[in-house]
């Protein structure tokens, strides 16, 4: 139905054309889901914008490109004609639901626009249609929601409204650009189910753009892998997951953290996607490929058909083996009885809600509400939960970056809560933090050397210039950066390198505990693998303990010794990684685990789907916080908060139905 | 050789301190690659560089007018030398003909006769009422007053030819600097240079073509006419430039530390400190600005009038009043920038690199200086250049309502204030207002365009 031939588009900068998508061709059949997969910067979104003809003003589509939709050439249509195609026959949903709805228009107005434009519906008829649409995308009480504004909706609901808007014109093809990347796993599962259901009901084709192999496995029938503006492999679902042929595809799989790779170093793709103005002339992957041959540096490979429906652009004809496991790194399985290095008990962080003229406190946001944790030296505790459950707040409260409202944080026997600033500074040596966003965590105005040395100066470890420079050089080496990096500024580095700098900064004061706040969630899979390997190696060498805050179960499986699952400011289940992942007992843990899309062909077990989204911590439900979404909830859950039940020495659950 | 005594006015000190500070800042910027890159982007902006060239001309005039001296009066040898009561500047010395060749009253631009009829006594013929001949305007023409148009055209053309030659020399120097040989020209005209040389050269060409003929004509004529007391309007315009620059620059200097300090403190610490500072600027903002300034200026006027012994010359008194005005304007105008900086600090405070610094136990003061201030600099620079034009205009408004600079000091505001009466009479005296308006318009437009270029270059979203 959609036939793209030799699409080539780019962006002009300083009267120079930077080609972002270079001659890609693919087709999407009616009723099919075609996934475009690739890392960031590979031209996936530019392709989608090109198809919709929604490129920014400096975007150019080269002559010779062709986008045919149902036999109609889209690139020769006038803008006015294109407007009747957009929204009516081709629709698009975007990555960030929070910014793709207009905040000052009610939901009904925004959906109504599409109806007026494409179906000529107004008044009561339009309203009936809108209610039907909202019901179709699973929004409860659609009559009321129509008159609400986007800020009154949760993230998942906004994405549903976006889908309803996209469906309003009854399109034949839906382009979904990373539709679930900004959402939590349980909500992602809901949205993916919805899209799959809608596709079956309406026979609509979907062009799915994603970087997540799990989403691909859940949704796609055919997959196209993009790399640096080129399509490198197109395969059916079965071929893709069982017989990936392109070294890039194979490397993507090998870089995924997974329970089977536990204790091994992850395969990484060295380097990064080449910049638009420095594209290699021949095979664009040659510089990072582990199968690179001389021919790869000279001639750009042509399309080669491997089997029916499976084609790739690669000179290499070797076996479709995923590279053998790299040398085993022994997982430091220390005895869990080793004394707790950090112990947290009944930690509470409440933020007051102030209202009125005199700023009286009218309520509390219970971001963290009684959390207990222990971490032993040299071990990794993963703190898992959806966004807004308070896991980052726990991390910051441990470091006393946010003052805890109550409870105790003991570091090697010293109580940190309520400690005077001077004594606290001494304790800071032992704990450091690595932040989520490597672009926000480094001051752009300081040199890398100054950034790394900051902690040493502040804590009085290496004050003298020369000693400090030596220490910085050693740290840079340790995190795998050249010593010359010290003289450069953060903006000269890629995301992965910046995260290495952040790690070096934290290590500079030789801490025993690192709080890692989603350190890989802003990075691509291949770079994530590099960082995870680095963290693992550092633990081997230095015996650092990690508190690993994450929502990514694959990372937990790969890295963590112990897991604590958090929901709405409380820990609902904790135990050894094997215990939690194999025998989860809390209904929330089970739902969370089953919502994670696995990047495999295995038939997905009937997932437990949670209804709705996590409530606000300003107004938590009575009794067990989880009861409104719990499939097993009964009266007792609404009335009383469950006690901790110890299933084994290490495994503890807070649920009424476990005891 | 007549002796003289250097007079250092307070505003001169501030102006030259500012020049020194910008020199120091330039050295700092040259050492800091991100800042240097941003200023390079300003340098590549054609409109911005054209505006900067014009601005530079104004600044040169202002600086020339900021070197003051008093001439020694002729006295008996051996006695204590005494100095003239009048304080002159380097600019005055250069413009001596313009300064001294005063007429009796209004005359039109390029006129040879006064604008008003007077009774003239002709020996033997009684008195008649006619437009009297000017003492200086078109004097070299003698009786041949009809030749003005021809004379003006030839002088202007000759001067324009001279300007063209001067420009060619300048352009050749620029071309040499870009690249040796003929390729420099090509590079400049095709806009291939990193620095917007073509914009600078074109604006220099336009300025030379206007200014050189203007000043060569100013020797024989009053090119912008004369005012009520017969002073040359061109001279007044040139003297007004310094007043405008001081108001624009010194005020920012007064306001900047307050705004930066309070803005960052409020944003970083939050809590009651934030509340206090917010109340402070909300209160200041809610008092009508002109009233507050008027009250302060009037109080200061009383103080100045009751302490005549403080000032040895009129210029010193006027200067102090000008500085006080800057100070008052600064005190009332820091709120906008402060609010902006508070908001930005609130945003920065939550950034992860600040938290990382806090996790190391870095002291608050150090975090503010090392992490917050450098990341606010772009806002400060943008505000600085944008406020400049606003303040020049504010001075005009304040002088117009009579609470601006000292009446003895020339400024765009006082000129416009005088024009109130001139526009009311018949026939209308239009040249004074027109000249003040055009000069101020060019100054403010150039400052605004330059501010735009700076904002584009420093805006982190664009970088």
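The values are calculated or read from the model by the stated rules, or taken from the named source; none is laboratory data. Bear in mind that the values here come from a model prediction, so they are computed numbers and not experimental data. For neighbour counting, all protein chains shown are included, and Cβ atoms are generated from backbone atoms with ideal geometry for every residue, glycine included.
The residues listed here are A:55, A:18; of these, the one that is outside any strand (DSSP E or B) and surrounded by fewer than 20 Cβ atoms within 10 Å (Cβ to Cβ) is A:55.
Scanning region A:233-248 for residues that are under 23 Å from the mean Cα position of the chain (by Cα) and either crowded, with 23+ Cβ neighbours inside 10 Å or at positive phi (or both) turns up A:240, A:248. Does residue B:215 satisfy being part of a helix (DSSP H, G or I) and surrounded by fewer than 20 Cβ atoms within 10 Å (Cβ to Cβ)? Answer is yes for this residue. Put simply, of B:357, B:419 the only residue that is free of Cβ contacts under 8 Å to residues at least 24 places away in the same chain, in a helix (DSSP H, G or I) and within 14 Å of chain A (Cβ to nearest Cβ) is B:357.
Determine whether residue B:397 is within 17 Å of the chain's Cα centre (by Cα), surrounded by fewer than 20 Cβ atoms within 10 Å (Cβ to Cβ), more than 14 Å from every other protein chain (Cβ to nearest Cβ) and assigned to a helix (DSSP H, G or I). So residue B:397 passes the test. Could you say whether any residue in region A:470-485 is over 18 Å from residue A:545 (Cα atoms), free of Cβ contacts under 8 Å to residues at least 40 places away in the same chain, surrounded by 19 or more Cβ atoms within 10 Å (Cβ to Cβ) and at the interface with chain B (Cβ under 10 Å from one of its Cβ atoms)? Among the residues of region A:470-485, not one is over 18 Å from residue A:545 (Cα atoms), free of Cβ contacts under 8 Å to residues at least 40 places away in the same chain, surrounded by 19 or more Cβ atoms within 10 Å (Cβ to Cβ) and at the interface with chain B (Cβ under 10 Å from one of its Cβ atoms), which makes the answer no.
If only residues of region A:504-513 that are within 11 Å of chain B (Cβ to nearest Cβ) and under 25 Å from the mean Cα position of the chain (by Cα) are counted, the one that is nearest to residue A:394 (Cα to Cα) is A:506. Among the criteria (1) outside any helix (DSSP H, G or I); (2) on the phi < 0 side of the Ramachandran plot; (3) touching a residue at least 24 places away in the same chain (Cβ under 8 Å), the one residue B:192 does not fulfil is (3).
Would you point out which residue out of B:362, B:392 is in a helix (DSSP H, G or I) and buried (at least 20 other Cβ atoms within 10 Å of the Cβ)? It is B:392. Looking across A:651, A:627, A:646, one residue alone is surrounded by fewer than 24 Cβ atoms within 10 Å (Cβ to Cβ), free of Cβ contacts under 8 Å to residues at least 40 places away in the same chain and touching a strand residue (DSSP E or B) at 6+ places or on another chain (Cβ under 6 Å). It is A:646. When region A:221-238 is filtered for residues that are out of contact with any helix residue (DSSP H, G or I) (no Cβ under 6 Å at 6 or more places or on another chain) and not in a strand (DSSP E or B), the ones remaining, listed by number, are A:228, A:229, A:237, A:238.
Annotation for region A:133-147: no member residue is under 30 Å from residue A:53 (Cα atoms) and surrounded by fewer than 15 Cβ atoms within 10 Å (Cβ to Cβ). Close Cβ contacts (under 8 Å, 6 or more residues apart or on different chains) running from residues in region B:52-71 that are within 15 Å of residue B:16 (Cβ to Cβ) to residues that are surrounded by fewer than 18 Cβ atoms within 10 Å (Cβ to Cβ) and modelled with pLDDT of 90 or more comprise B:63/B:19; B:66/B:16. Tell me, yes or no, whether region B:147-165 has at least one residue that is over 23 Å from residue B:232 (Cβ atoms), touching a helix residue (DSSP H, G or I) at 6+ places or on another chain (Cβ under 8 Å) and surrounded by 13 or more Cβ atoms within 10 Å (Cβ to Cβ). The answer is yes; a qualifying residue exists. Taking the listed residues B:378, B:371, the one that is more than 30 Å from residue A:419 (Cβ to Cβ) and either in contact (Cβ under 8 Å) with a residue 24 or more places away in the chain or within 14 Å of another protein chain (Cβ to nearest Cβ) (or both) is B:378, with no other qualifying.
Checking each residue of region A:410-427 against the condition of being within 11 Å of chain B (Cβ to nearest Cβ), touching a helix residue (DSSP H, G or I) at 6+ places or on another chain (Cβ under 9 Å), buried (at least 17 other Cβ atoms within 10 Å of the Cβ) and touching a residue at least 12 places away in the same chain (Cβ under 8 Å) gives at least one match.
Output yes when any residue across region B:331-343 is out of contact with any strand residue (DSSP E or B) (no Cβ under 9 Å at 6 or more places or on another chain), part of a loop (DSSP other than H, G, I, E, B) and within 14 Å of chain A (Cβ to nearest Cβ), and no when none is. No - not one qualifying residue is present in region B:331-343.
As an exercise: evaluate residue A:456 against (1) at pLDDT 85 or above; (2) more than 32 Å from the chain's Cα centre (by Cα); (3) closer than 30 Å to residue A:371 by Cβ and give the number of the one condition it does not meet. For residue A:456, the exception is condition (3). Looking across region A:428-458, the residues that are in a helix (DSSP H, G or I) and within 10 Å of chain B (Cβ to nearest Cβ) come down to A:428, A:450, A:451, A:454, A:455, A:456, A:457, A:458. Just one of (1) within 14 Å of chain B (Cβ to nearest Cβ); (2) surrounded by 19 or more Cβ atoms within 10 Å (Cβ to Cβ); (3) not in a helix (DSSP H, G or I) fails for residue A:461. It is (2).
For region A:188-205, the criterion of a residue being assigned to a strand (DSSP E or B) and either modelled with pLDDT under 85 or closer than 18 Å to residue A:93 by Cα (or both) is satisfied by at least one position. If you go through region A:71-108 and keep only what is more than 19 Å from residue A:45 (Cα to Cα) and assigned to a strand (DSSP E or B), you end up with A:72, A:73. In this structure, is residue A:209 more than 25 Å from residue A:384 (Cα to Cα) and under 16 Å from the mean Cα position of the chain (by Cα)? Taking the combined requirement at face value, the residue satisfies it. All conditions in (1) surrounded by fewer than 20 Cβ atoms within 10 Å (Cβ to Cβ); (2) more than 11 Å from chain A (Cβ to nearest Cβ); (3) assigned to a helix (DSSP H, G or I); (4) at pLDDT below 90 hold for residue B:312, with the sole exception of (3).
What number of residues in region A:170-187 are at pLDDT 85 or above, more than 17 Å from residue A:217 (Cβ to Cβ) and surrounded by fewer than 24 Cβ atoms within 10 Å (Cβ to Cβ)? Number of matching residues: 6.
In summary, residue B:46 fulfils each of the numbered conditions (1) surrounded by fewer than 18 Cβ atoms within 10 Å (Cβ to Cβ); (2) at pLDDT below 85 with the single exception of condition (2). Among the residues of region A:391-409, those identified as assigned to a loop (DSSP other than H, G, I, E, B), surrounded by 18 or more Cβ atoms within 10 Å (Cβ to Cβ) and either at pLDDT below 85 or within 12 Å of chain B (Cβ to nearest Cβ) (or both) are A:399, A:400, A:402.
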